[in-house]
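Take a look at the structure set out below.
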Amino acid sequence: MFWFMLIALVAVVGAVAVAVLGDGGTLRDAEPDRLSDPLPGDRPVSRADIDDLRLAVTLRGYRMDAVDDVLDRLAAELAERDARIAELEAALAGAQDAALGAPSLVKEHPRDAAANGEQPHD
């Protein structure tokens with residue numbers, strides 16, 4: 001009877017091991033605990049990217065290297081956008097100055113000048 005119980009025990013332990021391991025005795029790959037690239041590299045970051053961002057958590061908080069990478073990327077994109085805004089504002093200011101200081105590009109018709117009480121220019 002002892003041998004029968006021992007063989008049954010080995011068979012049960014073997015069946016449990018096969019059921020747990022599955023795939024012919026190999027374990028499944030573990031899920032990575034951090035994202036490989038949390039922000040898109042081929043386009044600028046959008047609001048939706050920031051909303052969807054999930055950083056890996058460690059024992060004492062977020063992974064510092066992942067947070068540093070995200071903050072560096074956001075700082076670089078903000079600096080790039082600020083430079084582009086300054087460039088466009090300077091171009092707009094120059095265009096406004098040119099438009100206000102330039103002589104009229106449209107000559108008044110003599111009839112319009114007479115209606116305004118001015119002498120027609122020839």
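The values are calculated or read from the model by the stated rules, or taken from the named source; none is laboratory data. Keep in mind it's a predicted model, so treat the numbers as computed, not measured. Using ideal geometry, Cβ is built from the backbone for each residue, glycine included, and neighbour counts are taken over all protein chains shown. All accessible areas refer to the heavy atoms of the entire protein, side chains included, with ligands and DNA or RNA removed. Shrake-Rupley method; radii C 1.70, N 1.55, O 1.52, S 1.80 Å.
Here are a few things to note about the model shown:
- Whether a residue is within 13 Å of residue 39 (Cα to Cα) and without any contact (Cβ under 8 Å) to a residue 40 or more places away in the chain was assessed, and residue 100 does not pass this test.
- Any hit, the stretch 29-42, residues being modelled with pLDDT of 75 or more and either of a type in the set (D, E, K, R) or part of a helix (DSSP H, G or I) (or both): yes
- From the options 111, 54, 84, residue that is on the phi < 0 side of the Ramachandran plot and at pLDDT 90 or above: 84
- Hey, residue 45 open to solvent by less than 100 Å² (accessible area, probe 1.4 Å), in a loop (DSSP other than H, G, I, E, B) and at pLDDT below 90 or not: yes
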